[in-house]
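For reference, the structure discussed in these notes is given below.
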Amino acid sequence: MKKQILVVLGAAALMFSSCGYDRIDAGHEGIKVNLYGNDKGVQDVTAVTGAVWYNPFTTNVYEVPTYVQNAVYTKSDIRASDGNEEFRITTSNGLVVAFDVSINYFTPAENVVGIFKKYRKPVSWLEKTIVKNYMRDAFNTTAATYTASELYEKRNEFQQASEDAIRQILEPEGFVIEQVVLLNELRLPQSVVSNIEAKVNATQMALRKQEELAQATADAQKVVAQAEGEAQAMRINAEAERYAFQQKNTALTDLLVQQQMIEKWDGKLPTYGEVPQLFRSVSDQ
């Protein structure tokens, strides 16, 4: 009897020791995958939440985050990257441009099982493979409408157009794209960089010449305004002097006439003769 009890306890211990246990945390969706048996195949993937008991020999359980994830793809010498994951695209004029990318995305809980059934891989693996390949296709398709110089000049426009193209590809696959951002600088061919620098220098020189011309024009206008002001002042002074001279000359003329009259006077008072006959009164007749 004791031997039977030991056998049962041993079997129970073996059974429990062979059981796996996982707990699906909040913000995650669990996927339970049957590896063997009649349920293996399309129907072998089910969503699970909370505490999950399973046989680790015949079943795998994956925990997939359903909150926003950030994936970064950069050149190998940039700290954020895991190896060289930069994107290299070909422009409309056949030049290769490289750049770094950050993408914010998430997988809604209701899409997790469908994504796993299609690709048979967890999302963390997909973002480094399938997702990245879809992104590269979208970037190449968009870049085909730009020259290398235009990519530099219209970076924000290219970024938005690429984000729209990526969203159109990935959202039908079950991924929700929140934002795609080009990081750091665009790595352009040296010939393009030289042309852009020459163009920028020429533009800056033209602006500097325009500023110098505007300054010279302003200085000339200032001189003209100053000369006009001085001329106006001189004209006002001349008119004032002319008026003063006229007034003085008029006063001197009156004095001169009076002086001449005084000099010609003989000292005799004027005499008056007999009243003409015509003005005699009637009474005198």
Met234 - accessible surface, heavy atoms, 1.4 Å probe, Å² rounded to 10: 130
Violating pairs (Cα-Cα greater than 25 angstrom) within the set Lys75/Lys128; Lys75/Lys154; Lys75/Lys117; Lys121/Lys154: Lys75/Lys117; Lys121/Lys154
Segment 106-212: projected area of the alpha-carbon convex hull, averaged over directions, in nm²: 8.7
Label-point separation, Asn140 to Glu185 (7 Å along Cα→Cβ), nm: 2.7
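The values are calculated or read from the model by the stated rules, or taken from the named source; none is laboratory data. Worth saying up front: this structure is predicted, and the values here are computed from it rather than measured. With ideal geometry, Cβ positions are generated from the backbone for all residues, glycine too; neighbour counts draw on all protein chains shown. For the accessible areas, the whole protein counts, side chains as well, though only heavy atoms, and no ligand, DNA or RNA atoms are used. Shrake-Rupley method; radii C 1.70, N 1.55, O 1.52, S 1.80 Å.
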